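Undergrad: Starting off with a structure, shown below.
The values are calculated or read from the model by the stated rules, or taken from the named source; none is laboratory data. Worth saying up front: this structure is predicted, and the values here are computed from it rather than measured. Neighbour counts are summed over all protein chains in view; Cβ atoms, including those assigned to glycine, are modelled from backbone coordinates with ideal geometry.
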Amino acid sequence: MRKATIQRATAETDVKLSLCLDGGEARIRTGLGYLDHMLMQLAKHGGFGLDVEAKGDLPVDSHHLVEDVGLCLGDALKEALGDRRGLARFAHAYVPLDESLARVVVDLSGRPWCEFHADLPPIILGDGFQVEMVREFFVALAMRGGLAIHADLLRGVNTHHKVEALFKALARALRLATRREGEDVPSTKGTLSA
């Protein structure tokens, strides 16, 4: 089983995250309902087992909690992938949610990069989720996970739909990129690392 458990404790957050790339249950408890909802989408549509227990300084705002969960997910992904031998490596997904359409393309190259292009208003969803934190989550995941992510919101009106389409597209792209296709490292260099 390709899995990892990460713990991160700072003066601002306390995160424990377990990831299994080959399936399992999803249990998400961050204290931020909308983030929980998006992480459930990631687990369900990615086909991942995901257990997240996190606390953060939410009276300040959602920034530290959302970013640190993204960092921990990236760390867990990197550890669970190991030497990345046999991976599909590249994948993309288009996901509609009613009027919204998102595209996410990933490369599990070992080299971190994030291109994030989405017209998202600077508003709060649910019980304190700052929408501008969607980009920060994607960047944190890419930087710590050692993958390139190109995320594009192609259209949309409803902000909830836009954000959810992006998370579902990320999930589907990761599901496809992490699938096994053989035994070789998918690179002419013979290694996938930074």
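Undergrad: Taking Val157 as meeting all but one of (1) part of a loop (DSSP other than H, G, I, E, B); (2) surrounded by 18 or more Cβ atoms within 10 Å (Cβ to Cβ); (3) modelled with pLDDT of 95 or more, write down the number of the exception.
TA: The number of the failed condition is (2).
Undergrad: A further question on this structure: Give the residues of segment 127-154 that are of a type in the set (Asp, Glu) and either in contact with a Cys (Cβ under 9 Å, 6 or more places away or on another chain) or at pLDDT below 95 (or both), sorted by residue number.
TA: Selection gives Asp127 alone.
Undergrad: Now for a separate question. Pick from segment 160-186 the residues that are among the β-branched types (Val, Ile, Thr) and farther than 18 Å from Leu97 by Cβ: which of them is modelled with the lowest pLDDT?
TA: Selected residue: Val185.
Results for (1) more than 12 Å from the chain's Cα centre (by Cα); (2) farther than 20 Å from Met133 by Cβ; (3) in a strand (DSSP E or B), shown as yes or no for each residue.
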position	(1), (2), (3)
Ala4	yes, yes, yes
Asp14	yes, no, yes
Ser18	yes, yes, yes
Tyr34	yes, no, no
Gln41	no, no, no
Asp51	yes, yes, yes
Val66	no, no, no
Gly70	no, no, no
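Undergrad: So, one more: What is the number of the single condition among (1) part of a strand (DSSP E or B); (2) under 16 Å from Gly46 (Cα atoms) that Ala80 does not meet?
TA: Answer for Ala80: the failing condition is (1).
Undergrad: Go through segment 103-127 residue by residue and tally those that are buried (at least 17 other Cβ atoms within 10 Å of the Cβ) and either in contact (Cβ under 8 Å) with a residue 40 or more places away in the chain or small (Gly, Ala, Ser) (or both).
TA: Of the residues in that region, 12 qualify.
Undergrad: Please determine whether any residue of segment 162-180 is buried (at least 16 other Cβ atoms within 10 Å of the Cβ), in contact with a Leu (Cβ under 9 Å, 6 or more places away or on another chain) and over 26 Å from Gly24 (Cβ atoms).
TA: Yes: one or more hits.
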